[in-house]
Amino acid sequence: ILAVKRQGVDVMVALDVSESMLAEDLKPNRITRARQEIQTLIDRLRGDRVGLVAFSGEAFTQCPLTLDYSAARMFLRYLDTDLIPVPGTAIAEAIEVATQAFDTKEKKFKALVLITDGEDHEGRVEEAARKAKDAGVRIFAVGIGTTKGEPIPVRDARGNLVDYKRDKSGEVVMSRCDGAALQEICAATGGRYFDGNAGQLALDRLYEEISGMEQK
């Protein structure tokens, strides 16, 4: 019998932890749903290394690439909207930080899963995607939230709703999922975009794509 030693793909998951992820168009809210989906993805991995990046106005590696899934799950629990004090959604920086977390000697077997509502406030995304592609990284994005928009609740210490986030002129801020921008990022790197509102179906397709990549 021929024994095949299967090593997998390296998967970096970058999760948007900006304030807009508190919107409740996905129940109970976007950030909780996103964490649940990442948990399910980690549960499915077999021999794939996984790592976590958190981003809002800044991005940093929360968990370096590891085969220790229980450690990754532990780090995942701490990914929340109060983790990074800098407001914003720096998608380009998230892509750059994740790209640097991969093995630079490898030119393939690298998947970056970007989970965000896609409202980028920083720019430079095309350049970051090009650099990721040059490094052999394929970007798969999961768009969280609806296109019609949702207000961002402000809650007190007990979790009671006290208001919605407002702009400088006092208008309620509506947060929308920008799927078109995310699709462009994925297309530029040979990846794919998934609608996170499809829940389990999106995850199934995402996992199929990752597990179908050439494995080392």
### Message
Here's a check for you: in segment 78-114, which residue that is among the hydroxyl-bearing types (Ser, Thr, Tyr) and under 22 Å from residue 182 (Cβ atoms) is surrounded by the fewest Cβ atoms within 10 Å (Cβ to Cβ)?
### Response
81
### Summary
Filter segment 162-179 for residues that are of a type outside the set (Phe, Trp, Tyr) and open to solvent by 80 Å² or more (accessible area, probe 1.4 Å); the one that is nearest to residue 20 (Cα to Cα) is 176
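Answer yes if at least one residue in segment 126-138 is of a type in the set (Val, Ile, Thr) and either open to solvent by 10 Å² or more (accessible area, probe 1.4 Å) or modelled with pLDDT under 90 (or both), and no otherwise.
No: zero hits.
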## Note on the structure
Over segment 165-180, the set of residues in a loop (DSSP other than H, G, I, E, B) and either of a type in the set (Lys, Arg) or over 17 Å from the mean Cα position of the chain (by Cα) (or both) is 165, 167, 168, 169, 170, 171, 173, 176
#### Entry: Condition broken by residue 197, with the remaining ones in (1) closer than 27 Å to residue 10 by Cβ; (2) buried (at least 18 other Cβ atoms within 10 Å of the Cβ) satisfied
(1)
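So that you can scan it fast, the table gives a plain yes or no per residue for (1) farther than 20 Å from residue 145 by Cα; (2) not in a helix (DSSP H, G or I):
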{"residue": "182", "(1), (2)": "no, no"}
{"residue": "186", "(1), (2)": "no, no"}
{"residue": "194", "(1), (2)": "no, yes"}
{"residue": "202", "(1), (2)": "no, no"}
{"residue": "205", "(1), (2)": "no, no"}
{"residue": "208", "(1), (2)": "yes, no"}
### Query
Any residue at all in segment 180-194 that is under 20 Å from residue 27 (Cβ atoms), touching a residue at least 24 places away in the same chain (Cβ under 8 Å) and open to solvent by less than 30 Å² (accessible area, probe 1.4 Å)?
yes
### Task
Might you let me know whether segment 142-156 holds any residue that is in a loop (DSSP other than H, G, I, E, B), on the phi > 0 side of the Ramachandran plot and either over 18 Å from the mean Cα position of the chain (by Cα) or surrounded by 14 or more Cβ atoms within 10 Å (Cβ to Cβ) (or both)?
yes
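The values are calculated or read from the model by the stated rules, or taken from the named source; none is laboratory data. Being a predicted model, the structure only gives us computed values, none of them experimental. Positions of Cβ are generated from backbone atoms using ideal geometry, with glycine treated the same way; all protein chains shown enter the neighbour counts. Protein only, heavy atoms only, side chains kept; ligands, DNA and RNA dropped before computing areas. Shrake-Rupley method; radii C 1.70, N 1.55, O 1.52, S 1.80 Å.
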